[in-house]
Structure formats: structure tokens, C-alpha cells
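The values are calculated or read from the model by the stated rules, or taken from the named source; none is laboratory data. This is a predicted model, so every value here is computed, not measured. Counting neighbours? That spans all protein chains shown, and the Cβs are built from the backbone with ideal geometry, glycine included. Each accessible area value is taken on the protein alone, full model and side chains, heavy atoms only, with ligands, DNA and RNA left out. Shrake-Rupley method; radii C 1.70, N 1.55, O 1.52, S 1.80 Å.
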Amino acid sequence: MSNRMCRDTIGDISRRAASRYRDKTAIVFRDVTLSFTQLEEEACRFANLMTKMGVGRGDRVAIDAYNSHYYPICFLGLAKIGAVQVPINYMLNGEEISYIVNHSGAKVFIVEDALYPAIEAHRQSFTSVRKWGFIPLSGAAVPDGFFDLGREMAAMLTQEPDLEIGAEEIVQIPYTSGTESKPKGAMLSHRALFSQYLSCIYEGEYQEGDVSIHALPLFHCAQLHCFLTPLLYVGAQNVILHRADPLEMIINIEKYGATHMFAPPTVWIGILNHPEFKDYNRSTLKKAAYGASIMPVEIIRQLSATFEGLRLWNYYGQTEMGPAATILRPEDQVRKAGSAGRPVLNVETRLMDDDGNFLPAG
């Protein structure tokens, strides 16, 4: 038996889920529905396509796209061949994107058709790129020099590459920065993300029966690593929305009987204040997560009153950690309002004084 059957890497998540959950729905995006078996097959197709194009262990592939089924497929597929995904913030301009792509050394750049205009005039500055991919979600014509991702994947085998991938190898480099420096790439390993997923599954009480709405950007570590991938890991159904539109989120809660959703406080407030909010059934939503800022106590109370039986979690952390470091659990939302919570299962925290010295307990 190949040693790959005994490893714990990101590419193994979809294979194990396919074996365990088979025909159960894994992902829904618009009119595309993928079972766990089909998700694994598509991830393998993408892995084999990248191999055909010369992508190997440690090579970088940049993805500039809104949310769709292609995002987890690309992430899982690259993990299977030891390659590294570089997610691009789709709100950046062409010059900013080319800096990240070149700094990471990405050999392949894949862009969704709606985002192509932002990089069109800057293509010559993408000096590291050897292959250009295109995701024609809106039916746009594929530009000269680009391959059609869906069409090329369809011609690939669904057999998983038989490669030895180490848990300490890098699987993703998301870029993050403050306001006074160039973006910096956070090098996330398979092991680091596995630790993250187990923490989120345990602390967030993810279950096979969950139906989760994923509307916030998948280029960001929160939606991808705190929610989508660990929920796939446990066999939950995942409804991916192209963009974070409050009305679309409300509609899909009713349409799919969603039990779980993540959004920052500003989006939750937008949902509560939407004029059509009360026109839709929201009774199935029992678990809600937020992050990026503190949730006002009055909004916590309003959410609890509006969504009967709803429980709230606040996730706090940073990109370099994958990102969750602490979580404020449902029972502490009002009691410890404004708190970032306690360390998650696989994280330890310590307090330091202003001089960088660790302080004793208490």
C-alpha cells in the first residue's frame, strides 16, 4: 500500500470525504452541485492538469477569482501535487496583483473573466507567469494566450496523483500587509492548517448535518480555512455564493435550510436591516459566526431575538496563524462582550508586559 494512504495533508481531505460521504452533496454553486465523490474527481482533474502544465512540488499557482466551486477545487488539487496556492485579493488593482504574483514566483496565473479587465493592461509586468488560465463564469470569450480552465480540466483523468507530500510542506501563501509596507506572504503548511481545522471543528461544533452558506471572499483565510474546508472535512453541505450580498444570503438560508453562516458584524447588520429580510424563512439557522470586529451587544441581542435558538461564535486571529487563535463561545457573548475569547484547541496564549516579558498566570 502506498504511503500516501497514511498521510495527513490537505489533498487527503477530499479523498477521505469521498470515501466516507460518497454521493452526499458537498458543494452547491449556482446551478452546479457536486457530491463528495465529484469534488474529489474535480480536484484530481485540476491536479493532473497542473502536472501536465509543468507545475510540481513547491511551485506557486495564483488564483484571482470571486467565490465559486473552482476555489476549493484548485486549493485541494494543488495540495495533491505539493504545489502552493497564492490567493489574490480581488479588490487589488493590476499593479498590486502583479507585485504579489511576481514576489511569490507564481508559474501559473488563473483569473475569473469578471476580473480580467483589472490585469489586462498589466500582463507584461507578470514576469514569473508561464501559463495563463481563464474561468469564464459569465460566458466571456477566452483571451488569446489563456487556457479555458473548465474545458482543460474536463479532458483530465480523475485518478489521484501518487505522490509523497510532507505535512510540513507549504500549501498556501496568502498575502497580508499593514498600511506602511508591501504585502508579505504568510507561508502556511499542511500541518498548520490541519491543526487549524481540528480547532475550528471542535470549537465551532461543526457536524455532518450542517448546511453552511459561504458568501465572504474565499481568497481570505477566514472563509476558506475557518469554515469551508473544515466543514468539507466533516461532510457538511456547503453553499457557495459568488459575492456577499445580504439579500442573496437571506434567500439561500431559506432555499437550502442553512444551519450555519459566517459574516462580519457589518454584514449581519445589513441582513437584519434589509427591507425584505422578514419575507424569508430563517428558522433553520442555528449557528452563526462573526469576526474582523467586535459585535455590538445590541446586535447580539437582536440576532438572538430574530433567529430563534441562534448561537454565536466570535473568531479572532491573524493570517499567519491560519487564522483562528481564539474564539468567544455562545455562552460568553454577552457575559464577556467585546472579548476575543479563549485560545482554541490547538493554540496556547500568554500575556506579555510592555517590555516583552511574559507575565505569570493571573
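Nearest 20 debye, what's the magnitude of the dipole of the chain about its Cα centre given +1 on Lys and Arg Cβ and -1 on Asp and Glu Cβ? Intermediate results must be reported in sequence, preceding the final value.
Numbers: 34 positive and 41 negative charges, 102 e Å.
Using only the charged Cβ atoms, the result is roughly 480 debye.
Might you tell me the accessible area per residue for the chain, computed with a 1.4 Å probe and given in Å²?
Values: 16100 Å² over 362 residues.
Accessible surface, normalised per residue, equals 44 Å².
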Legend entry - Sparse-neighbourhood loop sites, GluC sites (Glu not before Pro) in segment 293-362 - DSSP loop, at most 11 other Cβ within 10 angstrom: Glu308, Glu348
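Go through segment 288-362 and name the trypsin sites (Lys or Arg not before Pro) that are in a DSSP coil and have 14 or fewer other Cβ atoms within 10 Å of their Cβ.
Arg335, Lys336, Arg350
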Legend entry - Gyration tensor verdict on segment 253-296 (Cα atoms; rounded if a/c is under 1.5, prolate if a/b is larger than b/c, oblate otherwise): oblate
Inset, instruction - Rank-order 155-166, 30-41 by packing density, defined as the average count of other C-beta atoms within 10 Å over each peptide's residues, highest first. - result: 30-41, 155-166
Inset, instruction - For mean projected area of the Cα convex hull in nm², several values are listed as (i) 17.2; (ii) 19.7; (iii) 18.8; flag the one computed from this structure. - result: (ii)
Legend entry - In segment 39-97, the trypsin sites (Lys or Arg not before Pro) that fall in loop regions by DSSP, at most 15 other Cβ within 10 Å: Arg57
Inset, instruction - Using only Cα atoms, locate the centre of segment 111-171 and the centre of segment 307-362, then give the distance between them in Å, rounded to an integer. - result: 37
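I need the shape label for segment 74-138. Rule: rounded when a/c is under 1.5, else prolate if a/b > b/c, else oblate, with a, b, c from the alpha carbon gyration tensor.
Details: a/c = 1.81, a/b = 1.27, b/c = 1.43.
Note, shape of segment 74-138 comes out oblate.
Using a/c under 1.5 as the rounded threshold, could you call segment 264-362 rounded, prolate or oblate? The axes a ≥ b ≥ c are square roots of the C-alpha gyration tensor eigenvalues, and prolate needs a/b larger than b/c, oblate otherwise. Let's see the in-between values first.
Values: a/c = 2.57, a/b = 2.44, b/c = 1.05.
Because a/c hits 1.5 or more and a/b exceeds b/c, segment 264-362 counts as prolate.
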Legend entry - Positive-end residue, the chain charge dipole about Cα centroid, Cβ charges, pick of Ser304, Pro265, Leu157: Leu157
Inset, instruction - For segment 1-74, with all protein chains present and a 1.4 Å probe, just round the carbon and sulfur fraction of the accessible area to a whole percent. - result: 43
Legend entry - Point-charge dipole on Cβ atoms (K/R +1, D/E -1) for segment 9-86, about Cα centre, debye to 20: 220
Legend entry - Charge dipole (segment 260-362, unit charges on Cβ, about Cα centre) - positive-most of Gly322, Val344, Tyr280: Tyr280
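So, counting K/R as plus one and D/E as minus one, what does the shell of residues with Cβ under 13 Å around Phe307 add up to?
On the way: positive: Lys278, Arg282, Lys286, Lys287, Arg301, Arg311; negative: Glu254, Glu308.
Net local charge, Phe307 excluded: +4.
Would you work out what percent of the accessible area of segment 162-216, with all protein chains in place, is carbon or sulfur (probe 1.4 Å)? Could the numbers behind the result be given before it?
On the way: 1300 of 2480 Å².
Using a 1.4 Å probe with all protein chains present, segment 162-216 comes out at 52 percent carbon and sulfur.
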Inset, instruction - Compare the Cα positions of Ala121, Gly94, Phe109 along the charge dipole of segment 80-125 (+1 at Cβ of Lys, Arg; -1 at Cβ of Asp, Glu; about the Cα centre) and return the one farthest towards the positive end. - result: Phe109
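Taking the Cα centre as origin and putting +1 on Lys and Arg beta-carbons and -1 on Asp and Glu beta-carbons, what dipole magnitude results for segment 102-231, to the nearest 20 debye? Write out the running numbers ahead of the final one.
On the way: 8 positive and 16 negative charges, 126 e Å.
The dipole magnitude comes to about 600 debye.
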